[in-house]
Amino acid sequence: MQTLLSVLTLMVLTGHTYGVRIKDIAKIKGVRQNQLVGYGLVVGLNGTGDNDNLDFMIQSMAAMLEKMGVTVKAEDIESENVAAVMVTGELPPFARAGSRIDVIVSSIGDAENLQGGTLLITPLRAVNGQVYAVAQGPVSTGGFEASGTAGGGVQKNFPTVGRVPNGALIEKEISLDFNQKETLTFILQHPDFTTASRMAQAINQALNKKVAHTQDAATILVNVPERYRGDTVALATLIENLGVTPDTVSKIVINERTGTVIMGENVRISTVAIAHGNLSIQVKESQDVSQPLPFSEGVTTVTPDTEIVVEEGKKPLFLVESGISIGEVVRALNAIGVSPRDLIAIFQALKAAGALQAELEII
């Protein structure tokens, strides 16, 4: 028991001291992925490819065969075993020639299924038009489609989209001499002036030198110290693992469709009195029988009897004092016995009254 308590205490102290790693809240400018795209053909399909009347697919087949020394007219090509596709992928940072990446293959024609097909060699280009990778290989759809002659069928996932694992070979590298950088620029994923200032202070304290300063709420510039010149990777490693406690805006997010309410830890409520009750109206209808007296000339009839009961919620007026923590706010609201959907109405009323010290976002 004592050992477990010591471990928990160490975890609490560590989390309080180091906070969140910088690498989890900020990225180094220039170290990012680059998107690639290409146009290609998938062959070997079992009659589930594009129809013969798809002109651009037929023209692509004719051009491909001509490059291989086979002269054929486009109008003579009849095949439903080929599909025109778009191939997309992402070139990771510091990727080297010879390494491989996954690619996504998506049909752009009227192909029914890419299952069992093979992607032919397809150049992948970046936005500048240069080829950085070449893709080729068997397509894995991760699903299937089966249908009968009567029109019924079963489909799992989307068989017109597939993946080629390690299907693209990188041919060209993006030049980035990281170790020769004289400055590093860190970009916060969620811009905040307080978080940026804390991050700069943490870097300066770790290096025992004022080398970091904030440019704005999202940008922190770090001048590479002399002892890290030519070894910027070591500096980036040191900075990424520093702990910073990020600051956030007090916000309450409400999803009215699902009744979900999310509150941040900095949410505060000013001293306010809250009464929340419901009006319940219940209508009961019954049929009574009117029986005439014996030997009378009366007629037995059925008469409706309507009973209306109106009950108004008798919940008292609760005094909610200014909360110093999210826990006290929750306990105060739970004391009223409200449901998540009731919280939505209460928070909207508190915001209108000016007693809610937080942003209220409804999604």
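Each reported figure results from applying straightforward, stated rules to the coordinates on display, with no laboratory input. Predicted model, so just to flag it, every value in this text is computed and none were measured. With ideal geometry, Cβ positions are generated from the backbone for all residues, glycine too; neighbour counts draw on all protein chains shown.
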Could you list which residues have their amide H under 5 Å from that of Tyr39, counting only those 5 or more apart in sequence or on another chain, with H placed in the peptide plane?
-> Val87
How long is the gain from Lys23 to Glu173 if the chain were fully straight, where each residue apart is worth 0.36 nm and the alpha carbon distance is subtracted?
-> 51.6 nm
Go through segment 199-209 residue by residue and turn each phi into a ³J(HN,Hα) via Karplus (6.51, -1.76, 1.60, θ = phi - 60°); whole Hz please, and just put x for glycine and proline.
-> 5, 5, 5, 5, 5, 5, 5, 5, 8, 6, 6
Would you mind checking Lys210/Lys251; Lys181/Lys209; Lys29/Lys351 for any pair whose Cα atoms are more than 29 angstrom apart?
-> Lys210/Lys251; Lys29/Lys351
Karplus-derived 3J(HN,Hα) from phi for segment 342-348 (6.51 cos²θ - 1.76 cosθ + 1.60, θ = phi - 60°), whole Hz, x at Gly and Pro, runs 5, 4, 4, 5, 5, 5, 5
Taking amide H positions as placed in the peptide plane 1.01 Å from N, state which residues far from Val20 in sequence (5 or more) or on other chains have amide H under 5 Å from it.
-> Val244, Thr245
Table column - 3J(HN,Hα) (Hz), segment 249-257, Karplus curve with 6.51, -1.76, 1.60, x for Gly and Pro | 7, 5, 8, 10, 9, 10, 10, 5, 5
Amide H partners (placed H, <5 Å) of Asp110, local residues excluded = Asn51
First measure r as the distance between the Cβ atoms of Thr183 and Val161, then evaluate 1/(1 + (r/R0)^6) with R0 = 45 Å and state the FRET efficiency to the nearest 0.05.
-> 0.60
Translational D (Stokes-Einstein, µm²/s) of segment 177-244 at 4 °C and 1.567 mPa s when Rh comes from the Kirkwood sum over C-alpha pairs?
-> 108 µm²/s
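Based on Cβ point charges of +1 for Lys and Arg and -1 for Asp and Glu, what charge dipole magnitude is obtained for segment 177-244 about its Cα centre, in debye rounded to the nearest 20?
Magnitude of the dipole: close to 220 debye.
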